[in-house]
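To start, the structure under review is shown below, and the notes come after it.
The values are calculated or read from the model by the stated rules, or taken from the named source; none is laboratory data. What you see is a predicted model, and the numbers here were worked out from it, not measured in a lab. Cβ atoms come from the backbone with ideal geometry, glycine included; neighbour counts cover every protein chain shown.
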């Protein structure tokens, strides 16, 4: 097996794996608040406290994955074009 065939096989496996992940779980944790919906702040003793409402995810703690967003966009374009 040549190196290019191995690279193509590996790339195809990663792509299909990500597509399956987007189909099974279209939402992931917000990268800014790590899925809490708010930023953690720490008091003077170092204890974590609830901070401000997360503006990136609007307090929900989830975000749509890039692959799912692209799939939704393609599905919307196809639906609008075939009416």
Check on residue 46, over 20 Å from the mean Cα position of the chain (by Cα) and on the phi > 0 side of the Ramachandran plot: yes
Subset of segment 1-46 (residues that are in a loop (DSSP other than H, G, I, E, B) and surrounded by 10 or more Cβ atoms within 10 Å (Cβ to Cβ)): 25, 26, 30, 31, 32, 33, 34, 35, 36, 37
Counted residues, segment 47-83 - those being part of a helix (DSSP H, G or I) and either touching a strand residue (DSSP E or B) at 6+ places or on another chain (Cβ under 6 Å) or without any contact (Cβ under 8 Å) to a residue 12 or more places away in the chain (or both): 13
Hey, residue 67 modelled with pLDDT under 90 and surrounded by 13 or more Cβ atoms within 10 Å (Cβ to Cβ) or not: no
Filtered residues of segment 33-46 (kept if closer than 30 Å to residue 16 by Cα and touching a strand residue (DSSP E or B) at 6+ places or on another chain (Cβ under 7 Å)): 33, 35
